[in-house]
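The block underneath contains the structure these notes are about, expressed in structure tokens.
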Amino acid sequence: MKLIFLGCGYLGYNLSEQLSKYYDVQVIGLDSPYTKLSNKFTYLDAFNDEFPNDFEDAIIVDTITIVSNNSKSENEEEKLLQLNKLYQNLFNKLKVKKIKKYYFLSSGGTIYGDSSTPILETAQLNPKTLYAKSKVMLEELLAKSGLNYVVFRLSNPYGGYQVTDKKQGVIPIYIERTLKNEEFELWGTSHTVRDYIYIDDFAKAIHLCIEKDISNETLNIGSGVGSSLQDIFNEVEKDTQLKTKVKTIPSDVPIVESIVLDITKLKQLTGFEPKVSLSEGIKKEIQRIQEELV
């Protein structure tokens with residue numbers, strides 16, 4: 001089976017490395033801090049360049065980020081329309097190439113809005129930000145594209161190799177600031193609750209979906225367990241015996257206060273069970289970052 005990743009950021013790089021244990025993997029995209037680490041990477045603009053001829057019967061895994069989590073726009077409608085046109089052209093090109101399936105990484109952490117209980121895929125969507133609205137729009141466009149697809153509504157992934165200079169990835173950033181005795185900037189409050197999934201578990205979920213030949217489904221991907229930022233801070237302090245000064249900064253985009261994903265459907269279809277607890281994952285991250293800082 002051939003997997004072709006579009007995009008070589010945090011997810012594209014780490015997932016391609018994990019899944020290359022099982023499949024013939026290629027990564028195409030634009031330059032990033034991760035591309036120099038990948039021996040599978042080829043520079044190619046997925047929206048404007050012609051694709052090679054070996055896409056037939058491949059699974060495409062879309063990890064491209066055009067609209068970031070904190071993006072704002074004075075004209076959201078125009079921004080979404082531009083994105084729609086780019087992806088409509090991409091889907092048309094891929095249909096000509098006769099791909100097997102298209103995996104789209106949506107955002108389970110933002111598109112539902114707030115929920116005090118684990119939320120199912122059938123819940124009404126409530127995207128608050130441009131980023132979340134873009135994910136909902138692209139889910140809908142993909143469903144109408146004629147491509148075989150799977151939409152992964154992903155929670156908050158962490159683990160593996162992750163650069164921290166883009167202010168994304170609260171767990172590795174907080175750990176790094178702690179180990180370097182630097183101040184941590186918190187956007188929002190420490191009481192916000194998220195569903196965190198270790199990158200190895202996410203890769204395993206994709207592997208199972210491939211093996212079970214899941215098609216035309218929308219699936220929550222997460223641990224099914226909610227943890228607050230304060231829980232993370234406490235765990236890092238316990239494991240490192242270090243305390244970090246936290247500076248709270250008001251967010252200029254709407255924040256989801258609480259969201260945990262119900263992963264019952266994923267479990268039923270694939271037999272998936274998350275293996276790495278948040279406590280274990282944080283320990284792994286501390287060890288990795290300690291080694292990098294030596």
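If you go through segment 258-294 and keep only what is assigned to a loop (DSSP other than H, G, I, E, B), touching a residue at least 60 places away in the same chain (Cβ under 8 Å) and surrounded by fewer than 16 Cβ atoms within 10 Å (Cβ to Cβ), you end up with Gly271, Lys275. If we scan segment 61-75, do we find a residue that is closer than 30 Å to Thr129 by Cα, surrounded by 12 or more Cβ atoms within 10 Å (Cβ to Cβ), in contact with a strand residue (DSSP E or B) (Cβ under 8 Å, 6 or more places away or on another chain) and among the hydrophobic types (A, V, I, L, M, F, W, C)? Yes, because at least one residue in segment 61-75 is closer than 30 Å to Thr129 by Cα, surrounded by 12 or more Cβ atoms within 10 Å (Cβ to Cβ), in contact with a strand residue (DSSP E or B) (Cβ under 8 Å, 6 or more places away or on another chain) and among the hydrophobic types (A, V, I, L, M, F, W, C). Of the candidates Ser32, Ser20, Ser16, the single residue that is hydroxyl-bearing (Ser, Thr, Tyr), surrounded by fewer than 21 Cβ atoms within 10 Å (Cβ to Cβ) and within 17 Å of the chain's Cα centre (by Cα) is Ser32.
Condition first: in a helix (DSSP H, G or I) and among the aromatic types (Phe, Trp, Tyr). Now tell me which residues in segment 192-228 satisfy that.
First, pick out the residues of segment 192-228 that are in a helix (DSSP H, G or I): 199-211.
Correct list: Phe202 only.
The residue list Val61, Val67 contains one member that is of a type in the set (Val, Ile, Thr), in contact (Cβ under 8 Å) with a residue 24 or more places away in the chain and not in a loop (DSSP other than H, G, I, E, B), which is Val61. Here Glu237, Glu217 are screened, and the one residue that is touching a Cys at 6+ places or on another chain (Cβ under 9 Å), among the charged types (D, E, K, R) and at negative phi is Glu217.
Run Asn216 past the list (1) within 30 Å of Asp57 (Cα to Cα); (2) in contact with a Leu (Cβ under 6 Å, 6 or more places away or on another chain); (3) surrounded by fewer than 19 Cβ atoms within 10 Å (Cβ to Cβ) and report the number of the one that doesn't hold. Of (1) within 30 Å of Asp57 (Cα to Cα); (2) in contact with a Leu (Cβ under 6 Å, 6 or more places away or on another chain); (3) surrounded by fewer than 19 Cβ atoms within 10 Å (Cβ to Cβ), only one is false for Asn216: (2). Report the residue count in segment 82-136 for those that are touching a strand residue (DSSP E or B) at 6+ places or on another chain (Cβ under 7 Å), among the hydroxyl-bearing types (Ser, Thr, Tyr) and part of a loop (DSSP other than H, G, I, E, B). So the answer is 3.
Set side by side, the residues Leu44, Leu83 differ, and just one is over 19 Å from Ser145 (Cβ atoms) and either surrounded by 20 or more Cβ atoms within 10 Å (Cβ to Cβ) or free of Cβ contacts under 8 Å to residues at least 60 places away in the same chain (or both), which is Leu44.
Filtered by the rule that a residue be among the basic types (Lys, Arg), surrounded by fewer than 20 Cβ atoms within 10 Å (Cβ to Cβ) and within 21 Å of Asn70 (Cβ to Cβ), segment 168-200 gives a lone residue, Arg177.
Quick check on this structure: which one of Ser68, Ser107, Ser20 is touching a Lys or Arg at 6+ places or on another chain (Cβ under 8 Å) and closer than 26 Å to Trp187 by Cβ?
On the way: Ser68 fails: touching a Lys or Arg at 6+ places or on another chain (Cβ under 8 Å); Ser20 fails: closer than 26 Å to Trp187 by Cβ.
Result: Ser107 is the single residue among Ser68, Ser107, Ser20 that is touching a Lys or Arg at 6+ places or on another chain (Cβ under 8 Å) and closer than 26 Å to Trp187 by Cβ.
Out of the residues in segment 146-167 meeting the condition of being touching a helix residue (DSSP H, G or I) at 6+ places or on another chain (Cβ under 8 Å), surrounded by fewer than 18 Cβ atoms within 10 Å (Cβ to Cβ) and of a type outside the set (Val, Ile, Thr), tell me which one is nearest to Val294 (Cα to Cα). The qualifying residue nearest to Val294 (Cα to Cα) is Tyr161. With the requirement that a residue be more than 12 Å from Leu15 (Cβ to Cβ) and within 12 Å of the chain's Cα centre (by Cα), what does segment 199-224 give you? The answer is Asn220, Gly222.
Being within 25 Å of Lys267 (Cα to Cα) and modelled with pLDDT of 95 or more is a property that Leu86 lacks. Residues in segment 163-207 that are without any contact (Cβ under 8 Å) to a residue 40 or more places away in the chain and of a type in the set (A, V, I, L, M, F, W, C): Ile173 only. Is it true that some residue in segment 132-141 is modelled with pLDDT of 95 or more, closer than 28 Å to Lys267 by Cβ and touching a Gly at 6+ places or on another chain (Cβ under 7 Å)? No, every residue in segment 132-141 fails to be modelled with pLDDT of 95 or more, closer than 28 Å to Lys267 by Cβ and touching a Gly at 6+ places or on another chain (Cβ under 7 Å).
The values are calculated or read from the model by the stated rules, or taken from the named source; none is laboratory data. What you see is a predicted model, and the numbers here were worked out from it, not measured in a lab. As a convention, Cβ positions derive from the backbone with ideal geometry for all residues, glycine included, and neighbour counts pool all protein chains shown.
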